[in-house]
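The block underneath contains the structure these notes are about, expressed in structure tokens.
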Amino acid sequence: MTDHTDQATKLPFSTARPGSPMEAEQFCSSVCQTMERLLDLIERETELVRAGQLMAAGELQADKALLIHHYTQGVIYAKEHAVALGNLAPAAVQALRRQHSEFQPVLRINLAVLSTAREVANNIVAVVAKTVGAKQRSTTYGPGGTAPQAPRAAEGIAVNRSL
């Protein structure tokens, strides 16, 4: 890894088991801040997609991926150190749990909006592929005076419905 990559993926919290109330509160606070930043970004992305500004929404992906990585790692370490965190900073752990439960519905809305946008994009691509294929049909006779064969699927355009 390069120094730039190391700096970009450096977690905003310690992954060591907290040994004091201050360390536990710091960890919970950092994970909460990461969650807030991710929540803001997801809400912005949702608004952009709803407004049809897909290019602008796409520009958020690098930041979103980094914040998701930090958030996921925070949840993993919180589970690993749940007993220590609960003993050292019970109020901070409660705040973290509350924020996590409030975060889930916003994430579901974002996923629904992105799924709808993907379906619309797939439909547009399918219509374009069908239209391009229709324009390639021959209106003349085929070899030996036979009727032309149905055209093959449009070349150069593929639709992947598994996404």
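None of the figures in this text is laboratory data; all of them are computed from the coordinates on show. Quantities reported herein were computed from a predicted structural model and do not represent experimental measurements. Counting neighbours? That spans all protein chains shown, and the Cβs are built from the backbone with ideal geometry, glycine included.
Annotations for the structure displayed:
- Residue ranges 108-114, 118-124 sort as 108-114, 118-124 when ordered by packing (mean number of other C-beta atoms within 10 Å per residue, highest first).
- Peptide ranges 19-31, 87-99 listed from the most packed, as the mean C-beta count within 10 angstrom indicates: 19-31, 87-99
- Gain in span if fully extended, Val128 to Val106, counting 0.36 nm per residue against the direct Cα distance: 4.6 nm
- Between Leu114 and Thr15, the modelled labels are 2.3 nm apart [label points 7 Å from Cα along Cα→Cβ].
- Residues in segment 17-40 reached by a label modelled at Asn87 [backbone nitrogen below 16 Å; 7 Å Cα→Cβ]: 17-25
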